[in-house]
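*Asks:* A single structure is presented below for examination.
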Amino acid sequence: MAEIHHLPSRRRKPGCPICGKPSAEKNRPFCSPRCHRIDLGRWLGDTYRIPTDEEPDEADLLAAARERDSES
Ligand SMILES: [Zn+2]
């Protein structure tokens, strides 16, 4: 029930943070340039995509609040 997927942490073996495979020396800490790009994408893409998606919501709320203000 409480079985959570643990990261492979046998000894201090450096592994790819993306897929957990052993990292290649020239791509450390990643196993391949592909995983490096995935990690970059998480930082630049996913992280910044979330606030952009929420922006219309916030604008909607503000617009709704202003409408209510002008009504009452
Ligand atoms: Zn990898």
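The values are calculated or read from the model by the stated rules, or taken from the named source; none is laboratory data. Here the structure is a predicted model, which is why all the values come from computation and not from measurement. When we count neighbours, we look across all protein chains shown, and the Cβ atoms used for this are built from the backbone with ideal geometry, even at glycine.
*Asks:* Out of all the residues in the range 5-25, which are part of a loop (DSSP other than H, G, I, E, B), of a type in the set (Gly, Ala, Ser) and at pLDDT 85 or above? Spell out the reasoning first.
*Replies:* Initially, the range 5-25 is screened for residues part of a loop (DSSP other than H, G, I, E, B), giving 5-14, 16-21, 23-24.
Filter once more, keeping what is of a type in the set (Gly, Ala, Ser): 9, 20, 23-24.
Listed by number, the residues that qualify are Gly20, Ser23, Ala24.
*Asks:* Hey, any hits in the range 26-43 for a residue that's of a type outside the set (A, V, I, L, M, F, W, C), within 16 Å of the ligand (Cβ to nearest atom), in a helix (DSSP H, G or I) and at pLDDT below 85?
*Replies:* yes
*Asks:* Moving to a separate point now. If Ala63 satisfies all but one of (1) modelled with pLDDT of 80 or more; (2) within 16 Å of the ligand (Cβ to nearest atom); (3) of a type in the set (A, V, I, L, M), what's the number of the condition it fails?
*Replies:* (2)
*Asks:* If you don't mind, there's one more thing I want to ask. So which residues in the range 14-25 are more than 7 Å from the ligand (Cβ to nearest atom) and surrounded by 16 or more Cβ atoms within 10 Å (Cβ to Cβ)?
*Replies:* Across the range 14-25, the qualifying residues are Gly15, Pro17, Ser23.
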